[in-house]
Amino acid sequence: IPETSTLRHCAPSVGTFFTPLPLKDAFSEYDHKYKVTLRESVPPSFNELRHILNLAQIMAFKPTDPLRMMTFDGDLTLYQDGGNFQDPKLIRYMMKLLSAGVHVALVTAASYMEKPEQYEQRLQGLMDEFKSANVPAEVMGRFWCIGGECNYLFRCNSLGRLELVDLGLWNPTAAAWGQGEIGQILDAAESTLEAVTNKLQMRVRIIRKPRAVGIVPGGKAGKERFEVGSGAKRVRRELLDECCLSTQLALAKLEAKIPWCCFNGGNDVFVDIGNKAVGVRGLMQHLGFSPRNCVHVGDQFLNTGNDFACRNACPALWITDPAETKYILKRVLNQLGVDTKVTPLKRKLEQV
């Protein structure tokens with residue numbers, strides 16, 4: 001966007017547009033259903049603008065320049081916070097997307113290092129469907145899982161299991177990061193989190209991993225740390241944001257060459273080496289796709305969220321829960337010309 005444009009003047013932080021957006025068509029369709037222009041007292045809301053922009057982005061994918069890859073956040077996008085992927089309708093839509101030739105990837109901050117079993121557990125419903133429905137190996141091979149933001153990649157094999165892909169093969173940028181600077185970032189993050197949580201008497205515990213550090217509810221041990229405090233089971237959003245923003249400020253002062261991500265995960269705060277933009281961009285390049293043929297779906301697009309960075313990698317769709325993800329997937333499939341109707345028997349089974 002030109003620096004002298006009206007849009008840049010009105011919204012200085014506006015990001016990159018990877019595709020033209022048919023905003024007029026999207027607004028007309030939305031207005032036809034919800035009668036925005038007939039309202040006299042209530043202006044368009046933020047959520048309505050979000051829905052219209054999502055719709056415009058989906059409408060931007062054309063048969064002549066189709067969607068090739070679709071990536072998803074996990075918590076509050078495909079499943080409830082801390083849950084597993086088991087929603088029958090979402091799984092059915094995802095299977096249709098894979099069968100239509102679109103590559104699909106879960107991109108999550110969850111870091112189980114190089115252990116695919118725990119990622120398979122989070123994706124239990126989909127993995128079970130792969131095995132029970134005799135899905136062709138070619139279709140299963142289009143499913144990927146990126147863990148730790150951008151540090152671990154797994155691909156579904158012909159047996160319906162996740163296999164680790166060597167970091168250097170798909171993300172040479174992340175593979176080249178030096179351990180010295182990684183340690184410097186994590187040390188600074190850990191000391192900041194420790195200082196802030198002590199000051200706020202937060203009953204949490206710190207977890208350190210090879211490429212991540214964060215705080216989680218402390219349980220019984222957390223209660224023993226502070227006679228008066230909070231966070232043993234649930235941590236208030238305001239306290240999480242304070243930890244997140246304080247740590248972001250501390251890390252910004254390092255002026256590190258390696259990208260990092262500090263985010264509020266809903267009941268924890270984590271600092272990861274790298275970010276989702278590095279992961280999504282790495283997979284796009286590995287598959288030979290252009291950003292205009294890819295899209296990322298997530299709920300964490302505020303400046304304390306870890307989907308925020310994806311705006312710099314490819315188009316994005318901002319949702320708030322798995323129910324919105326279902327609608328998004330249905331619209332995407334319709335845009336691809338894929339029938340989303342279900343037989344009465346299948347619908348009954350999904351409602352059980």
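The values are calculated or read from the model by the stated rules, or taken from the named source; none is laboratory data. Worth saying up front: this structure is predicted, and the values here are computed from it rather than measured. Here the Cβ is made from the backbone with ideal geometry for all residues, glycine too, and neighbour counts use every protein chain on show. Just the protein is used for accessible areas: all its heavy atoms, side chains included, with ligands, DNA and RNA removed. Shrake-Rupley method; radii C 1.70, N 1.55, O 1.52, S 1.80 Å.
Test of understanding: in a Gaussian network model of the chain with alpha carbons linked when under 10 Å, which of Phe143, Phe301, Phe226 would top the mean-square fluctuation ranking?
Looking only at Phe143, Phe301, Phe226, the biggest GNM fluctuation is shown by Phe226.
Considering only protein heavy atoms and a probe of 1.4 Å, how much of the accessible area of the chain is carbon and sulfur, as a whole percent?
Details: 9280 of 17550 Å².
Of all accessible area on the chain, carbon and sulfur atoms account for 53 percent.
Under the Karplus relation 6.51 cos²θ - 1.76 cosθ + 1.60, θ = phi - 60°, what is the ordered set of whole-Hz ³J(HN,Hα) values for region 43-58, x standing for Gly and Pro?
x, x, 8, 4, 4, 5, 4, 4, 5, 5, 5, 4, 4, 5, 5, 5
Nearest 0.05, what FRET efficiency do Gln121 and Ala256 give at R0 = 25 Å with Cβ-Cβ as r? List each step's numbers first, then the result.
On the way: r = 33 Å, r/R0 = 1.32.
It comes to 0.15.
Could you tell me the calculated FRET efficiency between Leu49 and Glu238, based on Cβ-Cβ distance and R0 = 30 angstrom, to the nearest 0.05? Don't skip to the answer; put the middle values down first.
Numbers: r = 26 Å, r/R0 = 0.86.
The value I calculate is 0.70.
Can you work out the FRET efficiency for the pair Val338 and Leu287, with r the C-beta to C-beta distance and R0 = 22 Å, to the nearest 0.05? It would help to have the intermediate numbers written out before the result.
On the way: r = 20 Å, r/R0 = 0.93.
Plugging the Cβ-Cβ distance into 1/(1 + (r/R0)^6) gives 0.60.
Hey, what did the chain get for relative contact order, percent, Cα under 8 Å, at least 6 apart? Please report the intermediate quantities before stating the final value.
Values: 587 pairs, mean separation 69.0, N = 352.
The normalised contact order for the chain reaches 20 percent.
Can you list, by residue number, the Cys in the chain that have no neighbouring cysteine C-beta under 4.7 Å?
Cys10, Cys145, Cys150, Cys156, Cys243, Cys244, Cys261, Cys262, Cys310
Of all chymotrypsin sites (Phe, Trp or Tyr not before Pro) in region 1-96, which ones are in loop regions per DSSP and have a Cβ with at most 13 other Cβ atoms within 10 Å?
Details: sites: Phe17, Phe18, Phe27, Tyr30, Tyr34, Phe46, Phe61, Phe72, Tyr79, Phe85, Tyr93; in loops: Phe17, Phe18, Phe61, Phe85.
Filter output for region 1-96: Phe17.
Relative to the longest principal axis of the C-alpha atoms of the chain, give the angle of the C-alpha long axis of helix 322-335, reported between 0 and 90° and rounded to the nearest 10°.
Here the helix axis deviates by roughly 40 degrees.
What share of the DSSP beta bridges in region 78-210 is antiparallel, in percent to the nearest 5?
Numbers: 8 of 12 bridges.
Looking only at bridges with both residues in region 78-210, the antiparallel portion is about 65 percent.
Suppose each label sits 7 Å from its Cα in the direction of the beta carbon; what would the Thr37-Glu181 distance come out to in nanometres?
Output for this residue pair reads 5.2 nm.
Quick one: of Lys33/Lys62; Lys233/Lys330; Lys33/Lys89; Lys253/Lys276, which pairs are farther than 32 Å apart, Cα to Cα?
Those over the limit are Lys233/Lys330.
Please report the net charge: other residues with Cβ closer than 12 Å to the Cβ of Cys310, K and R +1, D and E -1.
Values: positive: Lys276, Arg281, Arg311; negative: Asp73, Glu149, Asp299, Asp307.
Charge balance near Cys310 sits at -1.
Given the rule -39500 (n - 2.57) for each run of at least 4 DSSP H residues, summed and divided by the residues of the chain, what is its mean residue ellipticity at 222 nm, to the nearest 500 deg cm²/dmol? Present the calculation step by step, with values, prior to reporting the outcome.
Values: 15 runs with 149 residues, N = 352.
So the calculated ellipticity at 222 nm is -12500 deg cm²/dmol.
What nm distance separates the two modelled labels at Ser13 and Met113, each placed 7 Å from Cα along Cα→Cβ?
So the label points at Ser13 and Met113 sit 3.7 nm apart.
What trypsin sites (Lys or Arg not before Pro) in region 1-65 are in a loop by DSSP, with at most 11 other Cβ atoms within 10 Å of the Cβ?
On the way: sites: Arg8, Lys24, Lys33, Lys35, Arg39, Arg50; in loops: Lys35, Arg39.
Taking region 1-65 and a limit of 11 other Cβ atoms within 10 Å, the loop trypsin sites (Lys or Arg not before Pro) found are Lys35, Arg39.
For Thr64 paired with Asp321, estimate the spin-label separation in nm (one decimal), with each label point 7 Å from Cα along the Cα-to-Cβ line.
4.0
How far is helix 276-287 tilted off the main Cα axis of the chain, in degrees rounded to 10, range 0 to 90?
Helix 276-287 sits at roughly 50 degrees to that axis.
Of the labelled options (i) 30, 62, 8; (ii) 15, 24, 16, 16, 12, 13, 4, 0; (iii) 28, 56, 16, 0, which one gives P(r) over Cα pairs in 20 Å bins from 0, in percent as computed for this structure?
It is the value labelled (iii).
Report the Cα centroid-to-centroid distance between region 104-138 and region 11-43 in angstrom, as an integer.
36
For region 1-158, report the accessible area per residue in Å² (1.4 Å probe, heavy atoms, rounded to an integer). Display every interim value, and only then the final one.
Numbers: 7900 Å² over 158 residues.
Each residue of region 1-158 exposes 50 Å² on average to a 1.4 Å probe.
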